[in-house]
1. What is the one condition in (1) over 21 Å from residue 61 (Cα atoms); (2) open to solvent by less than 40 Å² (accessible area, probe 1.4 Å); (3) among the polar types (S, T, N, Q) that residue 120 does not satisfy?
2. Would you confirm whether or not region 147-168 contains a residue that is open to solvent by less than 60 Å² (accessible area, probe 1.4 Å) and at pLDDT 90 or above?
3. Among the residues of region 261-277, write down those that are surrounded by 17 or more Cβ atoms within 10 Å (Cβ to Cβ) and under 21 Å from the mean Cα position of the chain (by Cα).
4. Could you list, in sequence order, the residues of region 181-218 that are in a helix (DSSP H, G or I), at pLDDT 90 or above and crowded, with 20+ Cβ neighbours inside 10 Å?
Amino acid sequence: MLSFLPAFVRGVLSALLLISNTLICASVLFPIALLKLLPFKPLQKLCTKAIIRIAEFWILCNSGWMALAGRIEWDIDGRERLDHDGWYLVTSNHQSWVDILVLQHNLNRRMPMLKFFLKQELIWVPVIGICWWALDFPFMKRYTKAYLDRHPEKAGQDIAATRRACEKFKHTPVAVFNFLEGTRLSESKRIEQKSPFRHLLRPKSGGVAFVLDAMGTQLRSLVDITIHYPDGAPSFWDLLSGRIRKVVMRCRIRPIPAEFLGKSYQNDQAFREEFQEWINGLWRDKEVLLEQLHQQYPPGG
């Protein structure tokens, strides 16, 4: 515990530890990623396992500097039902960039490492892009409706490319993550959207439907996570400087309706409406839970 140090000093030290952790783990990961390019399946599987262990170690080290920077009180429920060897679609409400480290800290080694569907262009992000590629994060190329109207010959190619990227998950447990709101909650965004919720933005169902279309029956359950910060959504600097007092997290495992798998969200109007209603129902339940958490864990309580 470095609580005796000023918050600014703790923040700087945490940032240095995060950067050092990332660079050191990446330097070990890169040579293994190159070995993985060799066309020898047993070696590729071994490299994949090693790379995942490096990523889990990176998350563990991040948990270490978080514990040094401040004493967060964790109130977590539901994660004990998760399976490290399961296949999951995971979603959560989104209030801060801190959400990602909160999720990694609390889910590390309790379920497969969270993997995000990324835009193809992000592979060129220095250092991190190569790490994402080595970790088999699916890179997707999605075409807009306007683009497809101009180039109808491209229809279906984005889904086909993503399916090929997901082939490696058929025999490797995976947890694909998606923030349904698409962006962090703020009061101005909530008003601009005319969101019917007090604690949430409107959910966007297209991204999740795209994942289910691409991955078919591989994903067996939805892990619906709700995060509540009693003292309000923290900034990343709050995390670095140890200013977060308490984090509440609830995990609910829900079955994915079989009729939603492998369907075209873009081309099937009836399915699109049914799927949107299912997502909206999840969000109505989440709003009720968040209201309960706000009452149970008030600011400063």
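1. Against the list (1) over 21 Å from residue 61 (Cα atoms); (2) open to solvent by less than 40 Å² (accessible area, probe 1.4 Å); (3) among the polar types (S, T, N, Q), residue 120 comes up short only on (2).
2. Within region 147-168 (the criterion being open to solvent by less than 60 Å² (accessible area, probe 1.4 Å) and at pLDDT 90 or above), the answer is no, since none of the residues qualifies.
3. Scanning region 261-277 gives a single hit, 275.
4. In the first step, residues of region 181-218 are kept if they are in a helix (DSSP H, G or I); the result is 187-193, 206-218.
Restricting the remaining residues to those that are at pLDDT 90 or above gives 187-193.
Scanning region 181-218 gives no hits.
Condition check ((1) surrounded by fewer than 17 Cβ atoms within 10 Å (Cβ to Cβ); (2) under 20 Å from the mean Cα position of the chain (by Cα)) across all residues:
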{"position": "257", "(1), (2)": "yes, no"}
{"position": "280", "(1), (2)": "yes, yes"}
{"position": "286", "(1), (2)": "no, yes"}
{"position": "293", "(1), (2)": "no, no"}
{"position": "296", "(1), (2)": "yes, no"}
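The values are calculated or read from the model by the stated rules, or taken from the named source; none is laboratory data. It should be emphasised that the depicted structure is a prediction, and the values quoted were computed from it without experimental measurement. Here the Cβ is made from the backbone with ideal geometry for all residues, glycine too, and neighbour counts use every protein chain on show. The protein model used for the area step is the full one, side chains on, heavy atoms only, and it has no ligands, DNA or RNA in it. Shrake-Rupley method; radii C 1.70, N 1.55, O 1.52, S 1.80 Å.
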